[in-house]
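The structure appears right after this line, and notes come after that.
The values are calculated or read from the model by the stated rules, or taken from the named source; none is laboratory data. Please read these numbers as outputs of a predicted model, since none were measured by experiment. So basically every Cβ, Gly included, is an ideal-geometry build from the backbone, and we count neighbours across all protein chains shown.
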Amino acid sequence: MPTTVLSSPAHYVQGKNVIAELGTHLKNLGSTPLLVADDIVWGIVEDALGKGFADAGLAVVRVGFGRFATPGAVDGLVETITSGGHDVIVGVGGGSAIDAAKAAGHLAGVRWASVPTAASSDAPTSALSVIYTEEGEFIEYRFFPHNPDLVLIDTQLVANAPVAFLVGGIGDALATWVEARATARGTGSTMAGGRPTHAGTALAQLSWDLLHENALAALDAVRAKVVTPALEAVVEANTLLSGLGFESGGLAAAHAIHNGLTAAPQTHGLSHGQKVNFGTTTQLVLEGADAEELADFVEFSTRVGLPNTLAEIGLTAENTAELRAVAEAACVEGETIHNMPFPVTPEAVVDAMLATDRIATRVRVERSLPAPQMHHAKH
């Protein structure tokens, strides 16, 4: 029988204003934490976080961060950990800062914690980092022997963040069940290193259910900058449930197509979750999903504000070279698209992307949804 694996963080904390408690939780992990945050994030969290650190008797030591988790950024953090004698590193802010902190903590042999300030991806809970070039092109996944020692997310910070961040997180999380069920049907492995557990697959489906029940109300809460039960549910779905679900349930075509899209300059400026959602819609087409399920997904993701057409990710059907390059990158050896329960070729991916564009455009007309708007990448 195949080996199944479930992977999870040691401790997960979620709630309104819990950023003030970070010092208390970190004190259980080490005595000399290093905080990694860009200037914008630091301006948001410094006061509340600093008070909590003072109450816990910890010194506040923070280094800045750029835009992407690059090999150079990770190596620089390792040097800072070593030279400063830090015993725990804390990624504060977006997914790339957290990924860089995890990768650096692993290389330096210290403990690490994830403190997202928006529910914009499911990266914080995982035992892996996504590494990019300086331009934001996907390079590799880096895997670690354990998950973060702590994940802490303050839902008031999520409510105060731009609504686009939560939209992107919903896009990332919606892929989780679609990919997990495909992995379960096939013979591939999960990021945790084995076949999916029933628990991992069930958590992926729970994330999907909570999002369909609460996403639109949660977006309204963020627009009002308030914390509601709907927002709490979506933050948990985006962060914890999607994180456990993708890592222990399995990734498939949606994230592989996302990785391929990072190589197309026209898509630059889009969030991870936006590109993933186009990948999810394409995966549904690729696997021949029920027509009603596909149409319902197009409608729901459109109402959330996620792209499901080529125009919305900066491409057209005439961009044949770019579409071919995306498909080939999505199908390279070792990519998660090979977790699909049937062989997938670049030709099939190109055809599915073109069909996705036509289907989504038609559904949006039939259901009186907003027409797609062309995304123009900033150069």
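Condition check ((1) in contact with a Ser or Thr (Cβ under 9 Å, 6 or more places away or on another chain); (2) under 22 Å from L244 (Cβ atoms); (3) charged (D, E, K, R)) across all residues:
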position: S7; (1), (2), (3): yes, yes, no
position: N17; (1), (2), (3): yes, no, no
position: L35; (1), (2), (3): no, no, no
position: D47; (1), (2), (3): no, no, yes
Report summary line: With criteria (1) among the β-branched types (V, I, T); (2) touching a Leu at 6+ places or on another chain (Cβ under 7 Å); (3) surrounded by fewer than 22 Cβ atoms within 10 Å (Cβ to Cβ), T187 comes up short on (2)
Report summary line: In region 275-334, anything among the acidic types (D, E) and more than 21 Å from the chain's Cα centre (by Cα) is listed as E287, D290, E292, E293, D296, E299, E318, E322, E328, E333
Report summary line: Of the residues in region 253-274, those that are part of a helix (DSSP H, G or I), under 15 Å from E137 (Cβ atoms) and touching a Pro at 6+ places or on another chain (Cβ under 8 Å) come to none
Requested in this report: Would you be able to tell me the number of residues in region 27-41 that are buried (at least 18 other Cβ atoms within 10 Å of the Cβ) and either in a helix (DSSP H, G or I) or hydroxyl-bearing (S, T, Y) (or both)?
Outcome: 1
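Of the residues that sit in region 225-239 and are in a helix (DSSP H, G or I) and free of Cβ contacts under 8 Å to residues at least 24 places away in the same chain, which one is surrounded by the fewest Cβ atoms within 10 Å (Cβ to Cβ)?
P229
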Query - Tally, over region 275-288, of residues that are out of contact with any Pro (no Cβ under 9 Å at 6 or more places or on another chain) and part of a helix (DSSP H, G or I) - result: 8
Query raised in the report: If you check L286, L261, L251, which single one turns out to be over 14 Å from A327 (Cα atoms), aliphatic (A, V, I, L, M), assigned by TED's automatic domain parsing to the domain that holds A182 and touching a residue at least 12 places away in the same chain (Cβ under 8 Å)?
Result: L251
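Given the criterion closer than 22 Å to N259 by Cα and of a type in the set (G, A, S), identify the matching residue among A97, A56, A108.
Numbers: A56 fails: closer than 22 Å to N259 by Cα; A108 fails: closer than 22 Å to N259 by Cα.
From the options A97, A56, A108, the qualifying one is A97.
Can you confirm whether N308 is modelled with pLDDT of 95 or more and within 15 Å of V178 (Cβ to Cβ)? Reasoning before the result, please.
Values: modelled with pLDDT of 95 or more: yes; within 15 Å of V178 (Cβ to Cβ): yes.
Answer is yes for this residue.
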